[in-house]
Structure formats: C-alpha cells, structure tokens
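Readers should treat all values here as calculations from the given coordinates under stated rules, not as data from a laboratory. For clarity, every value in this text was computed on a predicted model and none was experimentally measured. Cβ: placed from backbone, ideal geometry, glycine included. Neighbour counts: every protein chain shown.
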Amino acid sequence: MRVFALFIAPALLIWSADSVETVFNQAQESLKKGDLAAAEKGFSAVVKQLPNHPGAWGNLGTVFSRMGRFAQAEKAYETALQFAPNEPGLWINLGLVYVKRQDFAKAKPLFERVEKSRLASAQSKEMLAACQIHTGEAEKALTTLNAMEPSASVVYLRGIAYLKLKQTIKAKAEFNQLFAAATAPAQAHYLLGQAYAGSGMLDDALASFHKALELQPDLHAARLEAAKTYIAQRNNEKAERELRALVKMTPHNPEPAYYLSALLVTEDRGQIALPVLQKLAAVQPDSWSTRYYLGRALMQSGRQQEGISAFEAAAKLAPEQSAVWYQLTRAYQAAGRMTDAQKARERLAGMKRQLVEDERKIVTGPTVP
C-alpha cells in the first residue's frame, strides 16, 4: 500500500519567525532522506513554537509511525486533525497507524471518509475492504472487491474475506488464482499462510508456510511466520527450533532474535535471553516490547531495579499496553513501592479484559520496528 505523507507548504502559513520556517524545511528534507531522528527534532521544535501547525504535527506523526512508535504517531495525527480536520492525507496516515496496531474498527471510518475525498483510489478501497473484513463486514468488502480489477492484492483480500465467512472452497479458488499467476509460487504459499493464520486456521497456515519453504528454503519470512504460528499453538519446542535456525541464518536481522528472546522469557528462561535483549534495546530505542521483555528478563535474573526501569521505559513508549502495567505493578510490589504499585494498578484496572490478548500479541504480533 502507498503511504501518504502530509506536507503543507510553509508559504501558506503565517510564521512567527523566519527561523521556524527554516527549521520546518530542514525537517522536511530530513524526513525525505530517511533521517528520522533529525526530522523528529526539527518538527518537535516547530510545534513548540507554533502548536497549531498541522503540517508539523502531521509530519511528526509520519516520523513516529516509521519508527514504530504508533501510540505517539496516533496522538500527533489526531492533533494535526484538530487544526486541519478536512485533510484526507491525515485520515489516511492515521488509518494506517490503526491498521498497523490491528485496530481496524478505528481505521474503518477514516477510510470511509477517504473514499469520498479527492484522494480516493484503488488502494484506499482495498484498505477499506481490509478493515471491513476484520470488523465483521466481509460480505460488504466482497461487494467492493468484486467490482474492482482483479489485481493480486484484490484477489488476496477476496480470499481472506471468504475465509472469514467460512467459505473455504471459494477462498481456495481465489488463492488458486494467485498460484496460477504467480511468478514466485513460494511467495504465493507464504501469503496464503498469512491469510490462514489471520483467520485462526493455524494447521492450514503451517502447511502453507512449510510448502513455501520446500519451494524456497531461504524464504526467511515464511520460517519466521511458521515459528510465530507454533507459538500461537503453544508448541514452543518447535517454535524455538525454527527461531534458533533463523538466528543462525540471519545474524544481522533483529526479528528472530527478538522472538526467540521473548519465547525464552515466557518460559522463565530470562537469564539466557538477557544478553540478547540488552543488545536489542540498545539498537532499538523505540521498541516498547523489547523493553517489556528486557524488564521481565531482568526481574527473572534478580535485577529488580533495572527491571523496573525497563518497564517504566516501556510504559512511556506504549502507555496503552495493559501487559506493561501489569508487570510494572508486580515489580513495584516486589520492591516495596506500594504507592507506585497502587497507581499502576489503578491504570491497569480498566485494561484487564485486554491483558491476555495483549500478552499474546506481544509474542506473535509485528512488534519490532
């Protein structure tokens, strides 16, 4: 999908000083070049001087989204929308943040608005259909998708929609179209595995991932998804085997190391995972989940105060994650910090129903930026 970034020309705005305009332009250039740290610094400086600047807030949201700091991206886009409520580019970017966080219910109305705007496109129709599929409106999504040109992404979404409707024969017919047109059959099996996994058909997902690996043994993404599927099945032994193999195959890729470390922590083997998590935390300063598992590994290793610090860092990066507040409550209690424990417990109270689901998503979801 195409990511839309909002750039509002500073010439159209009233600036408080020439220096602010210069900082904005420099931050724009940094963002275009991919220097996210410099872009964040620049846009943050602009909103301090001009807190009602939608362009700076919107671009700051883009920076946070690319860093994987989705909670902060959401807040930045929402702030931008306060000052530019009719800007479709902001609707798209905020909708994409919700999709990345798997909050399709919040994303759907935004893409519905996009469909009536000047930025409506085939891609926005697909995003709306994806949101409908994941919010119990698969039939409505199919009405839209069946009227579109049958691109690979459209056919893929139709297959997922049929899976959601438990119409597996029609779903497989759609996916067979992918195989027929696929220049890379292994990739088609990989996509099919993702569709099955997303629909809770874990055995079928594993079969597809394994078929992809038979055809292309170096398709590391398929091996990683197979490992995550094993975790969802609570088959930790096979998951660990796949992840250890991936760590050896891709020593410079942090994802397999992260998932292996997370798995070890959930089995109370945090001391083994601790050195890797410390390295990951150093190179991934914006990954709240890395700090979450680092905190648990530190607590399991008897390093209580360091564990609390890691949990506090995770809470700042992702205040909406109930699992973080649960672990922070326990850590404060263990340290005898009862006042802090009570505050954390109160924060957790309204989140308890999400606790188990959040914990599952941390291990199996796309949490590494």
- Query: Using the count of nearby Cβ atoms within 10 Å as a rough guide to exposure, how do K211, K228 rank from fewest to most?
  - Reply: K211, K228
- Just tell me which lysines come within less than 16 Å, Cα to Cα, of K100; anything on the same chain fewer than 8 places away is out. K75, K108, K361
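Peptides 156-167, 281-292: what's the order by average Cβ count within 10 Å, highest mean first?
The densest-packed peptide leads the list: 156-167, 281-292.
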- Task: Would you mind calculating the relative contact order of the chain from Cα pairs under 8 angstrom and at least 6 residues apart, reporting the percent as a whole number?
- Result: 9
- Contour excess over end-to-end distance, with Cα ends at T135 and L119 and 0.36 nm allotted per residue: 3.4 nm
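Based on the Cβ-Cβ distance from R337 to D35, what FRET efficiency comes out when R0 is 45 Å, to the nearest 0.05?
It comes out at approximately 0.70.
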- Note on the structure: Among the stretch 278-295, those whose backbone N falls under 16 Å of a label point 7 Å along Cα→Cβ from M351 are 287-295
- Expected 222 nm ellipticity per residue - DSSP helices of 4 or more, -39500 (n - 2.57), all of the chain, to 500: -23500 deg cm²/dmol
- Message: Students often forget the sequence filter, so: which aspartates and glutamates lie under 16 Å Cα-Cα from K48 once same-chain residues fewer than 8 apart are removed?
- Response: D18, E21, E40
- Nitroxide proxy distance, nm - points 7 Å out along Cα→Cβ at N236 and K100: 3.0
- Most fluctuating residue of P150, P256, P54 in a GNM of the chain with Cα springs under 10 Å: which is it? P150
- Task: Alpha carbons only, please: Rg and Dmax for the chain, in angstrom.
- Result: 22.2, 64
- Query: By counting other Cβ atoms within 10 Å of each Cβ, how are T266, T22 ranked from fewest to most?
  - Reply: T22, T266
- Query: Between N52 and E78, what length in nm is gained on full extension when 0.36 nm per residue of separation is reduced by their alpha carbon distance?
  - Reply: 8.2 nm
- Item | Using a Förster distance of 51 Å, the FRET efficiency for T168-D268 (Cβ separation, nearest 0.05) | 0.85
- Which peptide among 72-79, 172-179 comes first, and what is the full order, when sorted by highest mean count of other Cβ atoms within 10 Å? 72-79, 172-179
- Got a sec? How would S19, S65 order by Cβ neighbour count within 10 Å, fewest to most? S19, S65
